[in-house]
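Asks: Before anything else, here's the structure in question.
The values are calculated or read from the model by the stated rules, or taken from the named source; none is laboratory data. Worth saying up front: this structure is predicted, and the values here are computed from it rather than measured. Positions of Cβ are backbone-derived with ideal geometry, glycine not excepted, and every protein chain shown enters the neighbour counts. Note: accessible area is taken over every heavy atom of the protein model, side chains too, but ligands, DNA and RNA are not part of it. Shrake-Rupley method; radii C 1.70, N 1.55, O 1.52, S 1.80 Å.
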Amino acid sequence: MTSPRAVIVGASHAGAQLAAGVRQEGWTGEIVLIGDESLLPYQRPPLSKAYLADKCGVDELAIRSADFYAKQRIQLVDATVQSIDRAANHVVMSTGDTLSYDKLALCTGARPRRLSIPGADLAGVHYLRTATDVNMIRGDASPGVRVVIVGGGYIGLETAASLRALGLEVTVLEAAARVLERVTAPEVSAFFDRIHRAEGVTIRTGAAVEALVGDERIREVVLANGESIPADVVIVGIGVEPNTDLASAAGLHIDNGVVIDDQARTSDPDILAAGDCASHDMARYGRRIRLESVPSAGEQAKVAAATICEKPKQITALPWFWSDQYDLKLQIAGLNTGYDEVVLSGDPTRDRDFSCFYLRAGELIAADCIKRPRDFMFSKRTITQHLAVDRTELQLARSA
Ligand code: FAD
């Protein structure tokens, strides 16, 4: 009898955790982890933080050592999976080889949304998703270089902070009326706006980019109002799209990501999915959600590993996220969608630490905690357990 084989496509946070988790849950057969970045699975969050700011090398980003995979008998394959044949239970790789599977897990993540405007292909226009992307940005980033960042979300603002640390001139262009508009309350946006301006970043809101102009290399960014902004480098951070092409071509159910149930199973019982590529119904929010965060990639991967090994585990954890900008650690508990009230602890117009609590019908549903780790832990527990909150108590600083 041949030994069963688990094949995992995508070797990043979800894939690496899933491979380790399957072994931990007792899978005795083969585990093959296929990735197309030609690097050991590495941590992505430092790309816009320590790695971009030249504070660590690529080796320090590895999630686990090569030795770990060898000891756990996890075979790493450097290839792109091009298709899935569900009838034959095999995948076809860019190497031309086919690989059969008993269980298949899709951890294909997400890719940056591209700018589709004139000049978007000029040299000096970058995206920031992989270590290779950052190496290219760093190749262009010497002190005094003028960088225009398109997008004032977390990636754009973290990138701005890291490039200021390297001595570059940084302008952030945000099409919305404020930075972080999609994800935070106006008070939190105003706080980050103030901090970045104080660090020397130029922030332009309501700034829609219409064209990138240059001869081969980027020279200026043209806004919808006709204004031109000189630029030696442009970095685009306008969100991501899930990598669902493989799953879609294989006929799996897709809805803003590969649809999974609370045991990480796709519409094919032999195929699971986890991480940025997957979307699932979250009972807490009453809707299908695709999360883009390391903690949820890790949790979904652990659940998928348990499911592969026929152990009961479900995706239940509260979503959480973090962002580092300058000396500020922002920790976010829960999703604030549908909030109807905000309670502040601390003064975001003056302090460098504060918390913004989001309530809906009097219940705490999310919190943005800046340099307030105790507020964050309190919020996670309170939201998870649906505990009642007292507004006056919320206003008290827990970590001052
Ligand atoms: P990914 O990390 O996208 O990995 C998917 C992998 O699959 C990639 O290596 C891809 O090349 C590979 N792949 C895709 N298709 C194929 C194929 N057909 N064959 C082979 N391989 C394939 N999250 C946080 O929680 N906190 C943060 O502070 C934070 N900061 C971030 C900063 C940056 C710059 C970025 C880009 C992301 C950040 N995130 C952060 C988000 C976090 O990194 C992602 O949520 C996480 O990487 C998701 O992991 P994943 O394994 O699902 O997907």
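Asks: Hey, among Ile149, Ile155, which residue is touching a helix residue (DSSP H, G or I) at 6+ places or on another chain (Cβ under 7 Å), open to solvent by 10 Å² or more (accessible area, probe 1.4 Å) and either in contact (Cβ under 8 Å) with a residue 24 or more places away in the chain or not in a strand (DSSP E or B) (or both)?
Replies: Being touching a helix residue (DSSP H, G or I) at 6+ places or on another chain (Cβ under 7 Å), open to solvent by 10 Å² or more (accessible area, probe 1.4 Å) and either in contact (Cβ under 8 Å) with a residue 24 or more places away in the chain or not in a strand (DSSP E or B) (or both) holds for just one of Ile149, Ile155, which is Ile155.
Asks: Right, Val9: out of contact with any helix residue (DSSP H, G or I) (no Cβ under 8 Å at 6 or more places or on another chain) and either near the ligand (Cβ under 10 Å from one of its atoms) or among the polar types (S, T, N, Q) (or both) or not?
Replies: Here the answer is no, as Val9 does not meet what is asked.
Asks: Restricting to region 240-276, and then to whatever is open to solvent by 10 Å² or more (accessible area, probe 1.4 Å) and in contact with a Cys (Cβ under 8 Å, 6 or more places away or on another chain), can you tell me which residue is nearest to the ligand (Cβ to nearest atom)?
Replies: Filtering first and then ranking leaves Asn243.
Asks: Identify the single condition in (1) touching a helix residue (DSSP H, G or I) at 6+ places or on another chain (Cβ under 6 Å); (2) without any contact (Cβ under 8 Å) to a residue 12 or more places away in the chain that Ser248 does not satisfy, given that it satisfies every other one.
Replies: (1)
Asks: Evaluate region 46-56: report whether one residue or more is open to solvent by 40 Å² or more (accessible area, probe 1.4 Å), at pLDDT below 95 and in contact with a strand residue (DSSP E or B) (Cβ under 7 Å, 6 or more places away or on another chain).
Replies: Checking region 46-56: not a single residue is open to solvent by 40 Å² or more (accessible area, probe 1.4 Å), at pLDDT below 95 and in contact with a strand residue (DSSP E or B) (Cβ under 7 Å, 6 or more places away or on another chain).
Asks: I've got another one for you. Can you tell me which residue is nearest to Tyr42 (Cα to Cα) among those in region 283-321 that are outside any helix (DSSP H, G or I) and among the hydroxyl-bearing types (Ser, Thr, Tyr)?
Replies: Ser293
Asks: A follow-up question, please. So if I check each of Asp133, Asp121, Asp54, which one is among the charged types (D, E, K, R), outside any strand (DSSP E or B) and touching a Leu at 6+ places or on another chain (Cβ under 7 Å)?
Replies: Asp54
Asks: Arg350 fails exactly one of the following numbered conditions: (1) more than 16 Å from the ligand (Cβ to nearest atom); (2) surrounded by fewer than 18 Cβ atoms within 10 Å (Cβ to Cβ); (3) touching a residue at least 40 places away in the same chain (Cβ under 8 Å). What is the number of that condition?
Replies: Condition (3) is where Arg350 drops out.
Asks: Taking Gly298 as the residue in question, decide whether it is within 16 Å of the ligand (Cβ to nearest atom), of a type in the set (Gly, Ala, Ser) and open to solvent by 10 Å² or more (accessible area, probe 1.4 Å).
Replies: yes
Asks: Which of the residues spanning region 176-206 are open to solvent by 10 Å² or more (accessible area, probe 1.4 Å), part of a loop (DSSP other than H, G, I, E, B) and at pLDDT 95 or above?
Replies: Selection gives Ala176, Ala177, Arg178, Glu181, Val183, Glu199, Gly200, Gly206.
Asks: Is one or more of the residues making up region 56-77 touching a residue at least 12 places away in the same chain (Cβ under 8 Å), more than 19 Å from the chain's Cα centre (by Cα) and within 11 Å of the ligand (Cβ to nearest atom)?
Replies: Yes, there is a match, as at least one residue in region 56-77 is touching a residue at least 12 places away in the same chain (Cβ under 8 Å), more than 19 Å from the chain's Cα centre (by Cα) and within 11 Å of the ligand (Cβ to nearest atom).
Asks: Restricting attention to region 24-45, and to residues there that are within 16 Å of Tyr101 (Cβ to Cβ) and away from the ligand (no atom under 11 Å from the Cβ), which single residue is surrounded by the most Cβ atoms within 10 Å (Cβ to Cβ)?
Replies: Ile31
Asks: Condition test on Ser279, is it within 16 Å of the ligand (Cβ to nearest atom), in a strand (DSSP E or B), small (Gly, Ala, Ser) and at negative phi?
Replies: Criteria met by Ser279.
Asks: List the residue pairs whose Cβ atoms are under 8 Å apart, where the first residue sits in region 286-308 and is among the hydroxyl-bearing types (Ser, Thr, Tyr), the second is within 13 Å of the ligand (Cβ to nearest atom), and the two are 6 or more positions apart or on different chains.
Replies: Pairs found: Ser293/Pro319; Ser293/Trp320; Ser293/Phe321; Ser296/Gly275; Ser296/Ala317; Ser296/Pro319; Thr307/Ala264; Thr307/Leu272.
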